[in-house]
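For reference, the structure is listed below as structure tokens.
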Amino acid sequence: MFFTERHLALGCSSLRRGLWAVALGCGMALAAGETLFSNWAVAVAPGPNPGNLWVFSRGEVNQGVSLLQLGLDGSGKIKVEKSDVEPVDNEFSVVQANIYADKLAERRRIAVETAGDLGAVLPMFGLDESDHFLEPRGFFSLKRVGAVDLSPLDVPASAESIEKPMDYAVSGFAYQASKKILRIARGRLGVVEYDISKGAGNPKISNKVLEKKSHQWVKLPTSSNVDFSKYLDVWGLAENPATEEVWVASAQGLWLESADGTVASASKVLESKRVTGVWIGGEPLQAIVETSAMNKGNLEGGLWRKYLDSKEDFQRVAFLDSAGTVQKKDIYDNSDFTVTNVVFVGNKAFVGVWVAGGSVSGYLLLDSKGVRAHGKGGASSDAWLNGFETGVTDRDAIITSITKFPLDAKTMALAVATDGNGISVSADTGKTWTPILNRAKLGGNLGTIRMVPSVITAGGQSLVSYKVGKDSKITIEVFSYDMRRVRKIVSSAPRYGDAFRSTDPKEDFWDGMDDAGRPCTMGIYYVRVKDNHGHVGWGKVMSLGGGR
Amino acid sequence: MKRLHAILSLAALLLSLLASTAFAGVVEKKASLGGFDGFVERMGAGTRELGRGNTGSADTASMPAAYWNPAILGFRGNFGYTLNGEKRDLDRAGGALGVESPVGKRMGVGFAMLYRGDLDFEVIDDDDQTLGTAKPFFSMMYLGFSYRATRRDAFGLSLSMSYDNMDVADYYDNIDLNDGYTSPVSLNLGWLRQWNEKWSTSVVIRNLSFSKNLSSRWTKTVSGDNSVSSTEGVRPKVLQIGAGYRSKVMGKPVYAWMEALDYQLADTLLVFDTHWHLWTARMGFECEIIPDGTVRVGMDDVNYMVGLGYKFKIPIGKKKYLFDANYALTYESEAGLWNPLSFGLRGYIP
């Protein structure tokens with residue numbers, strides 16, 4: 001929506017959407033109408049078949065999932081061939097209420113895993129007494145449209161001694177395909193083994209915790225009086241697909257559970273670290289680890305890597321400038337970054353990150369040398385961050401999730417979810433991105449002007465949605481009710497003729513300000529769009545004002 | 001010749017004021033007047049006055065007087081009323097009504113209500129879905145009093161307040177959004193002097209308040225749950241100076257009206273820095289081309305108007321009641337919009 005906290009996050013960037021690109025998705029088959037359940041997408045995950053992509057959205061009131069069937073058109077552009085949406089019980093969400101504000105890295109991501117017959121699995125949060133999604137309840141299982149299941153996890157009596165339910169929030173998954181076991185990292189309550197070898201509808205569930213002293217798994221005590229300080233919180237899990245060993249990210253070190261169940265330290269250098277996440281993949285196989293801890297009130301984070309065919313221990317990931325020179329400071333020195341997910345494609349890793357508050361988000365491109373700056377310089381975090389500035393999204397919305405999925409037999413595609421601007425999909429490993437989001441049908445040659453959304457606060461962003469039949473020079477102006485011009489947005493700006501939308505989201509929006517940069521008062525404003533072919537269209541937007 | 005000269009002089013003064021407005025716009029980027037509260041007031045009231053460029057503060061016959069210049073009420077001899085309505089392009093509907101009455105021989109009292117709204121505001125969410133249609137409206141009410149100190153001079157004051165309703169709260173169930181916003185009472189002061197049969201002048205000061213800096217400024221609490229930041233309403237202080245000239249050309253009664261308006265954009269008691277002032281001007285001419293039939297032209301800032309008016313009397317019982325029917329066409333030049341639907345009726349009850 002338009003002015004709640006998260007919107008603000010967008011305007012300030014609209015809420016923080018320093019909004020957004022030209023002719024959104026010039027190749028979309030489903031250009032008009034409802035493509036996604038909502039443009040407030042928070043998670044993406046591979047669907048059941050090639051070309052399928054799950055999108056979990058939370059609207060202002062409702063939430064739901066979309067299963068997209070994506071493909072390539074004749075010119076190689078992404079197209080939406082089919083879209084099915086399904087609402088989800090509003091009592092539950094994949095997003096915890098404080099995901100943008102939480103200080104702890106393990107709580108600032110939405111874990112996603114593809115888990116055989118369970119489909120795509122994501123954490124599930126229920127409402128607490130204050131009606132906030134802060135009660136961990138289990139996980140969502142997205143099997144297919146019509147079979148989006150809520151899979152609750154019991155909270156044992158022993159958990160009563162845990163003061164904050166979020167201490168046992170689900171923050172990681174690892175699925176072992178050969179044994180059909182889904183392992184679930186559950187913070188203070190250790191690990192849940194969700195065995196579906198006898199069918200997804202007949203799971204065998206067991207809980208275990210990692211003893212701090214012996215570093216061995218023991219069954220989760222069920223009595224009501226348990227000293228959890230004897231156990232390590234578990235926040236991340238990853239399986240080595242070659243050996244089926246499971247890597248465990250814990251409150252104190254990184255641990256390796258071999259196939260026979262024994263546990264050993266996986267890294268000397270990380271033994272004393274607070275390891276908040278672990279991801280394995282790529283060619284050659286590599287493990288990426290995130291560490292994050294509060295130190296004297298400051299969050300100290302780090303990104304580490306180890307090639308699994310090497311005997312060398314984990315090393316801090318190098319951050320390079322565009323010339324390949326290693327920089328002394330990395331992205332964690334600039335802000336409180338958190339990894340949302342890591343996606344491996346060949347020898348590259350796409351590390352989804354965002355900062356606390358969500359005002360900066362995107363992904364880091366990690367190659368064999370390190371995280372490579374995409375532009376000139378390299379001293380600032382933005383030089384490494386791929387996001388709105390590099391065209392991943394066409395509006396400055398928060399990138400909340402990243403995944404990969406097979407687009408067809410030959411193409412491995414990437415997808416990111418954005419909180420407010422739908423999703424973006426790349427079929428060329430991040431070189432170009434196609435935004436996909438809900439758009440209403442427009443009349444041609446400025447026949448329809450829609451302000452999206454049409455109610456904003458000053459500092460927010462209302463997109464001027466229009467289309468012209470042929471390439472045009474567009475002028476957009478905003479008038480008050482008494483038809484005094486308060487703002488000229490663009491003047492004779494070139495825009496492409498398009499069958500669906502000619503808007504350039506990076507420029508064609510109104511932020512509720514006048515030409516002098518002052519917030520316009522609460523009221524209705526009229527937006528005139530003119531082209532150089534004599535066409536004129538009008539849209540309406542309401543500003544609820546803003547601080548002066 | 002003298003009359004023509006006087007009219008041309010008025011026009012030249014007006015043009016110089018307009019030029020200064022344009023010049024100021026080039027030199028400095030000022031906040032836009034359109035971004036401030038008060039558009040209901042700025043758009044005027046009364047079809048008769050609209051047809052001649054929204055000029056009315058120096059005319060003892062203007063209605064509703066509580067809005068135009070409360071001092072006018074001191075010149076009322078009969079109970080008067082006015083009812084006006086208009087529909088402008090882009091679904092904008094507006095209107096004004098007023099009633100006023102003499103009190104004793106030297107005083108008058110009047111009430112005015114101004115209304116503006118949009119009849120078809122499409123509420124669109126972030127998903128580009130139309131949630132429905134809202135009908136937001138904005139209104140201002142005036143209660144005016146006047147005392148005629150001499151045969152030629154009257155002084156008046158009016159109390160004004162606004163009530164706006166955005167009509168969108170129903171579309172946002174998850175936010176405790178407020179729709180209605182009421183401003184505190186502002187004070188408007190007026191003076192009108194009828195120098196002679198030809199000339200009249202007026203001074204109106206609008207939007208003084210009882211708060212700091214005498215500014216008409218107030219807080220609008222947008223949501224009850226603080227999910228949306230509160231905002232402020234600000235109606236700039238206005239100094240409105242008007243003049244009227246009555247004469248005859250070729251035996252036909254001719255009237256010329258002009259007003260110069262200064263809007264102080266700064267929230268200070270008084271500031272002389274031109275950056276914080278915005279000037280506009282209005283002028284209008286009318287000619288009674290047939291008995292009781294008047295043609296009007298006018299200009300309000302960069303908007304142009306044409307008006308028609310016709311007076312007639314209807315005997316009811318032993319009395320004859322005067323009615324004055326008016327029409328105006330407005331061209332909002334900056335936006336390029338024609339508005340041909342403004343109608344008004346006014347009259348007196350003897």
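Values in this text are rule-based calculations from the coordinates and carry no lab data. Please read these numbers as outputs of a predicted model, since none were measured by experiment. Counting neighbours? That spans all protein chains shown, and the Cβs are built from the backbone with ideal geometry, glycine included.
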At R0 = 22 Å the Cβ-Cβ FRET efficiency linking B:Asp120 and A:Lys441, nearest 0.05, sits at 0.75
To one decimal place, what Kirkwood hydrodynamic radius in Å is obtained for segment B:28-119 from all pairs of distinct Cα atoms? 14.1
How do the peptides A:347-355, B:315-323 rank, highest first, by the average count of neighbouring beta carbon atoms within 10 Å per residue? A:347-355, B:315-323
Quick check: the distance between the Cα centres of segment A:493-525 and segment A:220-276, to the nearest angstrom? 51
Rank these for me by crowding, A:Leu142, A:Leu72, A:Leu237, going from fewest to most other beta carbons within 10 Å. A:Leu72, A:Leu237, A:Leu142
For the pair B:Glu197 and B:Lys252, the simple spin-label estimate (label points 7 Å beyond Cα toward Cβ) gives in nm 2.1
Averaged over its residues, how many other protein chain Cβ atoms are within 10 Å of peptide B:164-173's Cβ atoms? 3
Among B:Thr221, A:Thr35, A:Thr418, rank each residue by its count of other Cβ atoms within 10 Å, from fewest to most, as a rough exposure measure. B:Thr221, A:Thr35, A:Thr418
Helix B:2-27 sits at what angle to the longest principal axis of chain B, using alpha carbons and giving 0 to 90 degrees rounded to 10? 20
Per-peptide average of other Cβ atoms within 10 Å, ordering A:121-133, B:251-263 highest first: B:251-263, A:121-133
Per residue of chain A, what 222 nm ellipticity follows from adding -39500 (n - 2.57) for every DSSP H run with n ≥ 4, rounded to the nearest 500? -500 deg cm²/dmol
Those lysines that a straight Cα-Cα span of less than 21 Å connects to B:Lys212, excepting residues fewer than 8 apart in one chain: B:Lys220, B:Lys237
Enter the mean number of other protein chain beta carbons within 10 Å of the beta carbon of each residue in B:110-123, as an integer. 2
GNM result for chain B, Cα springs below 10 Å: residue of B:Phe79, B:Phe145, B:Phe155 fluctuating most strongly: B:Phe79
If you take each beta carbon of peptide B:129-136 and count the beta carbons of other chains within 10 angstrom, what is the mean? 3
Stokes-Einstein translational diffusion, segment A:450-543 - Kirkwood Rh over all Cα pairs, 1.002 mPa s, 20 °C, in µm²/s: 164
Per-residue Cβ neighbour rank within 10 angstrom, fewest leading, B:Tyr67, A:Tyr100, B:Tyr163: B:Tyr163, A:Tyr100, B:Tyr67
Estimated [θ] at 222 nm from DSSP helical runs (n ≥ 4, -39500 (n - 2.57)) normalised by residues in chain B, nearest 500: -3000 deg cm²/dmol
Residue with peak Gaussian network fluctuation, chain B [Cα springs, cutoff 10 Å], from B:Tyr171, B:Tyr304, B:Tyr81: B:Tyr171
Quick check: pseudo-label points 7 Å beyond the Cα along Cα→Cβ at B:Lys212 and B:Ser333, how many nm apart are they? 4.1
State the three equivalent ellipsoid semi-axes of the protein assembly as shown, derived from the C-alpha gyration tensor as the square roots of 5 times its eigenvalues, in descending order and whole Å. 68, 26, 23
Describe numerically, in nm with one decimal, the distance between label points set 7 Å from Cα along Cα→Cβ at A:Ala499 and at B:Val271. 5.4
Selection from A:Ile476, A:Val148, A:Val326, by position along the positive dipole direction of chain A (Cβ): A:Ile476
Given a cut-off of 24 Å, name the pairs among A:Lys103/A:Lys219; A:Lys212/A:Lys268; B:Lys248/B:Lys311; A:Lys431/A:Lys530; A:Lys164/A:Lys268; A:Lys268/A:Lys369 whose C-alpha atoms lie farther apart than that in the structure shown. A:Lys103/A:Lys219; A:Lys431/A:Lys530; A:Lys164/A:Lys268
Working note, segment B:265-350: Cα radius of gyration (Å, one decimal) and Dmax (Å, whole number) are 18.9, 60
Highest-fluctuation residue, B:Met63, B:Met283, B:Met43 considered, GNM on chain B with Cα pairs under 10 Å: B:Met43
Viscosity 1.002 mPa s, 20 °C: Kirkwood-radius Stokes-Einstein D of segment B:2-292 over Cα pairs, µm²/s: 105
